[in-house]
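Read the structure below first, then the notes.
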Amino acid sequence: MTTTTAGVSGPGTELAGKVALVTGASRNIGRAIALSLAAGGAAVAVNTRASKEAAAKVVEEIRAAGGQADVFMADIADAGAVKAMAEGILKRFGRIDILVLNASVRTERPFLELSYEEWRQPLAITHDGAFFCAQACLPSMLEHGGGAIVTLGGMQSLSGSKHRVHGSVAKHGLVGMTRALAREFGDRGIRANCIAPGTMNTTRGPGRAPRPEPKGIPLGRYGEAEEIASVVRFLAGPGASFLTGQTIQVNGGQMMF
């Protein structure tokens, strides 16, 4: 199997003066995104629902490298919590320019055993969370002449996934929302794009089996969180100034379009 030494892109200034909110940023892909945006010069609001200690470590890493960051606790499926978080970010940093919607829940259940509560969980975080966060952050972006929204979808949004009907629906809806926001706010300087990660080499939740050796991936390996983070950093920056409404497949060739 081919290995990689991928890491977060090096220090830069392309995001200097910008403020980014990254949801679900205490671990895995969210953590890598927060570090990458900070390396680009952005101040980062590190959001987590419950993992305060882990989020604080991300903030410490950013500050140790000379960046600005703070932890902002909020359940993004709670409208009031998101409103309070946005107000806190504006009070701390003065603006919001970049919104990265990374928070999600990944559970598996055969469809005929899926309860309504289990069905609603990923929809609440992915759909309601995106709605609440976008409505809370867009006013500041518009006030300052533009901004970037990056959503994290997944291959399952297009391919479907066994025992993940609820997750597939949630991610597919996020693609539609991203495109709709791109059309509605494009002429006001807002760009919105979606990243669909492939199978990633991230820490798996309790009770989930280890990943098997990768098969059917032309690059011969799973992806690393930093490889998603580098694409987020690009989409948030000036290099992607004419790119909006797109779904970027970052999957090592596992799916091709």
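Peptide packing: for 163-171, 149-157, 135-143, 57-65, the average count of neighbouring Cβ atoms within 10 Å per residue gives the ranking 149-157, 163-171, 135-143, 57-65, highest mean first. If you look for lysine pairs in the chain that are eight or more places apart or on different chains, how many of them have Cα atoms under 27 Å apart? Here the count comes out as 14. Here the relative contact order of the chain, from alpha carbon pairs under 8 Å that lie six or more residues apart, stands at 20 percent. The gain in end-to-end length when the Ala180 to Lys162 segment is fully stretched comes to 3.7 nm, 0.36 nm per residue minus the alpha carbon separation. List, in order, the whole-Hz ³J(HN,Hα) value for each residue of region 53-66 obtained from phi through the Karplus relation with A = 6.51, B = -1.76, C = 1.60 and θ = phi - 60°; use x for Gly and Pro. Values, residue by residue: 5, 5, 5, 4, 5, 5, 4, 4, 4, 5, 5, 5, 8, x Hz. Model label points for Lys215 and Leu114, set 7 angstrom from Cα along the Cα-to-Cβ axis, are 2.5 nm apart.
Around the amide H of Gly147, modelled in the peptide plane, lie the amide H atoms of Ile190, Arg191, all under 5 Å away and 5 or more residues distant in sequence or on another chain. Can you compute 3J(HN,Hα) from phi for each residue in region 31-45, using the Karplus curve 6.51 cos²θ - 1.76 cosθ + 1.60 with θ = phi - 60°, rounded to whole Hz and x for Gly and Pro? For region 31-45, the Karplus-derived couplings read 4, 4, 5, 4, 5, 5, 5, 5, 5, x, x, 7, 7, 10, 8 Hz, x marking Gly and Pro.
What the phi angles of region 134-151 give under the Karplus curve with 6.51, -1.76 and 1.60, with θ = phi - 60°, is a coupling list of 5, 5, 6, 9, 4, x, 5, 4, 5, 4, 9, x, x, x, 9, 10, 10, 9 Hz, glycine and proline written as x.
Under the rule of -39500 (n - 2.57) per DSSP H run of 4 or more residues, summed and divided by the residues of the chain, what mean residue ellipticity at 222 nm is obtained, to the nearest 500 deg cm²/dmol? Dividing the helical sum by the residues of the chain leaves -12000 deg cm²/dmol.
Values in this text are rule-based calculations from the coordinates and carry no lab data. Given the structure is predicted, the values throughout are model-derived calculations rather than measurements. Cβ sites come from the backbone with ideal geometry, for glycine too, and all protein chains shown count toward neighbours.
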